[in-house]
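Report on the following structure.
The values are calculated or read from the model by the stated rules, or taken from the named source; none is laboratory data. Note that the coordinates shown come from a computational prediction; the quantities given were computed from them, not determined experimentally. Quick reminder, even Gly has a Cβ in these numbers, built from the backbone with ideal geometry, and neighbours come from all protein chains shown. Heavy atoms of the whole protein, side chains included, go into the accessibility calculation; ligands, DNA and RNA do not. Shrake-Rupley method; radii C 1.70, N 1.55, O 1.52, S 1.80 Å.
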Amino acid sequence: MTAIRLLLVDDDPLVRAGLSLMLGGAEDIEIVGEAADGDEVEALVDRTHPDVVLMDIRMQAVDGLTATERLRARAGAPQVVVLTTFHADEQVLHALRAGAAGFVLKDTPPAQIVDAVRRVAAGDPVLSPAVTRQLMRHAAGTGTRADTRQARARERLAALNEREREVAVAVGRGLANAEIATGLFMSVATVKAHVSRVLAKLGLNNRVQIALLAYDAGLLEDTP
């Protein structure tokens, strides 16, 4: 079994030490490097080739948001999981829009942090649809700003055909591929192909970004 290569990024040495001890004890995770600030990330990624980066959102010189934007703009970038203290943090939402695959709270139980790393490495998001909607509602705004975001989101989604749009909405509602396949009467392989085309057409990195765009467009408003 190939171990998941993990890079830790946090400006608190005690937090890094705790994460290293916790995650390094998992048989399928290898800590390949540590960084104390976002300005160290790109060079360390080039040197250590991680599969996943666990990134603190607030750091002194270059914060986790900026580091995530820079990293996810690169070809072949590793997945990013954001570390934060607050679940309703607008910076976390910005990091998700920049391409982070999810976030975990710093006081999350160790087993759940390990599970988050494994899930992201496997290509799955690490936040529930309910948490995603809570974040988006927290930072949604009203009036002209919200209207402009909705108009832009709808314009982007217009590039999709009807089937791709249906799949995008289902992804936004947090459905797994098998659930989407059942609901839309198609095979799982076809769902995966549609998701890949949606990501490519819209220039997105992951399913979380599909959910964000669908929410911005007002397509998830009836979702509980």
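Quick notes on this structure:
- The sole residue among Ala200, Ala211, Ala181 that is aliphatic (A, V, I, L, M), surrounded by fewer than 22 Cβ atoms within 10 Å (Cβ to Cβ) and under 16 Å from Gly123 (Cβ atoms) is Ala200.
- Near pairs, Cβ below 8 angstrom, 6+ apart or cross-chain, from region 12-30 (of a type in the set (A, V, I, L, M, F, W, C)) to any residue that is open to solvent by 60 Å² or more (accessible area, probe 1.4 Å): Val15/Lys106; Met22/Pro110; Ile29/Arg118
Matching residues to (1) at pLDDT 90 or above; (2) of a type outside the set (Val, Ile, Thr):
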| site | (1), (2) |
| --- | --- |
| Arg119 | no, yes |
| Ala146 | no, yes |
| Ala159 | yes, yes |
| Arg165 | yes, yes |
| Thr182 | yes, no |
| Lys192 | yes, yes |
| Leu199 | yes, yes |
| Pro224 | no, yes |
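- Screening region 70-96 for residues that are polar (S, T, N, Q) and part of a strand (DSSP E or B) and picking the one that is modelled with the highest pLDDT gives Gln79.
- Here Leu105 meets the list (1) touching a His at 6+ places or on another chain (Cβ under 9 Å); (2) open to solvent by less than 10 Å² (accessible area, probe 1.4 Å) almost entirely, failing just condition (2).
- Residue satisfying condition, being open to solvent by 30 Å² or more (accessible area, probe 1.4 Å), modelled with pLDDT of 90 or more and not basic (Lys, Arg), within set Asp63, Asp46: Asp46
- Screening the candidates Val41, Val32 for the property of being part of a strand (DSSP E or B), under 21 Å from Arg74 (Cβ atoms), touching a helix residue (DSSP H, G or I) at 6+ places or on another chain (Cβ under 6 Å) and open to solvent by less than 60 Å² (accessible area, probe 1.4 Å) yields one hit, Val32.
- Residue check, Val81 more than 25 Å from Ala214 (Cα to Cα), touching a helix residue (DSSP H, G or I) at 6+ places or on another chain (Cβ under 8 Å) and buried (at least 19 other Cβ atoms within 10 Å of the Cβ): no
- Residue among Arg70, Arg58 that is charged (D, E, K, R), closer than 16 Å to Phe103 by Cα and touching a residue at least 24 places away in the same chain (Cβ under 8 Å): Arg58
- Search result, residues across region 177-190 that are touching a helix residue (DSSP H, G or I) at 6+ places or on another chain (Cβ under 9 Å) and either more than 19 Å from Ala101 (Cβ to Cβ) or not in a helix (DSSP H, G or I) (or both): Ala178, Glu179, Ala181, Gly183, Leu184, Met186, Ser187, Val188, Ala189, Thr190
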